[in-house]
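In what follows, a single structure is set out as structure tokens and then discussed.
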Amino acid sequence: MELGLIGAVKDLFPEAEHRNCVRHMYQNFKQKHKGKALKDLVWNAARASNKVIFQKCMEALDQEDKAAREWFNNPERPFQSWTRALFRTNTKCDMLLNNLCESFNRYILDARDKAIITMLEMIKNKLMKRMYKKREWIAKSDSSICPKIVKKLNKISKEAIWFKTDYSGGPRVSVDGPGGVNIVDMKAKSCTCRRWELTGLPCPHAYACIIGNSERVEDYVDTFYTIETFKNVYSHYINPTNPEDHWPEVVDCGEAPIEEQVTVVQTDVVAAQGVDEVAIKGIEITRLSHTSKRGRLFKRKVMKEYIVEVQKKKKKKIGNHSKFSSISSSSSLTLLSAMSASSASSRKTLSKIACNRLQKELAEWQVNPPAGFKHKVTDNLQRWVIEVNGAPGTLYADETYNLQVDFPEHYPMEAPQVIFVPPAPLHPHIYSNGHICLGHGEDSCTSFEQFQFGTA
């Protein structure tokens, strides 16, 4: 079984076609191979709809820059993942970009930073409303083809006027015009250019043949685009659910925490975090708190190694280099005060809600950090530095990178800014200066990608 997201998709959806976003692929390409001539050749190769045109584009690229042509021989980016000439035709999709993913990501943007149940409820309500609106919208259409497809066909009709058709009396028609001669098979619904097979919509060559035969264009459009198919897709509905206070209570059957005699400490940091008790022990801090109104208890542990690191930093700052071998109740009080003091400068720009949230998430990171990530201890609560280890079995195995996370004043209502501290990893979504790419056009990318980095 392969590791990572690509491997998981292959295991769960073995028949799914994997494609690379050409925009992000080109961003990596142009780091070593710059120039408008190379850019045009790469995009022409990606847009080529049949193998003959694709081969000509790659030969032109080789003549322009052999090193640039060699860049595409990497098995991580096979040709069939980024050029239309080698795309499968059963999906009726010729997209070269990952705008579908980014559009959905934007659609759920306001729900992503919420707690898991709240997030799922928000997404469910969005989809419930969307499905209803789509059913109401399509019910008003009096065409057999979806309205947006009708607009595409109108655009194709304007291109079709430039082509001349020569009929043979059989299903195959010769079409001459810009770009040379193409052969259209009316029975197989195919064309030499492959655009008809790729999209399910008649290409300009096929459109000219259909009109020349005085036939209806709608009869040659794939069933994917009919009103009937659209209605079937949105024929299902999602029922609304009762609000949370009407949900049945769930009894926690887990083991109750073992009671021990501990020293209870109360500080302004503890109060700010909403913690009921902090048990100071020799090797760990155990925090007990209620996770909900139903009174379920959970335990979170902060490891001794982190406490020692913070304490050492504070002692070094005040010029005290004395050793300490154990953590007592009094030294723990000093530790908590140190954590409060270390974030004092951050509190000037962070709101109280943001401070409380970040202090809570920082403790949770020490208990259960995401696999491959490690928080580097600093005296700045508003800026985190995260050490990222490359996943085993990938191109980044045994590599270590640093992420810089800057939290805004009104976090978590506003997302943090996240960049890689150079040297950044080589990846289609990451620039050499560490900024993370996120855009919606072929040549546009934002300077960084904002996302919720803390826990829900």
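Laboratory data are not the source of any read-out in this text; all were calculated from the coordinates shown. Owing to the predicted nature of the structure, the values given are computational and were not obtained by experimental measurement. Note that we place each Cβ from the backbone using ideal geometry, even for glycine, and neighbour counts take in every protein chain shown.
Points to keep in mind about this one:
- Between ALA371 and THR223, residue separation times 0.36 nm minus the direct Cα-Cα distance comes to 48.8 nm.
- For region 28-99, the convex hull drawn through the C-alpha positions has a volume of 94 cubic angstrom per residue.
- With coordinates expressed along the principal axes, the C-alpha atoms belonging to region 1-56 extend over 40, 28, 13 Å, beginning with the largest.
- Residues SER103 and ALA188, FRET efficiency given R0 of 35 Å [Cβ-Cβ distance, rounded to 0.05]: 0.60
- Cα-based Kirkwood hydrodynamic radius, region 147-233, one decimal, Å: 13.2
- Counting every pair of alpha carbons in region 47-161, the share spaced more than 19 Å apart comes to 70 percent.
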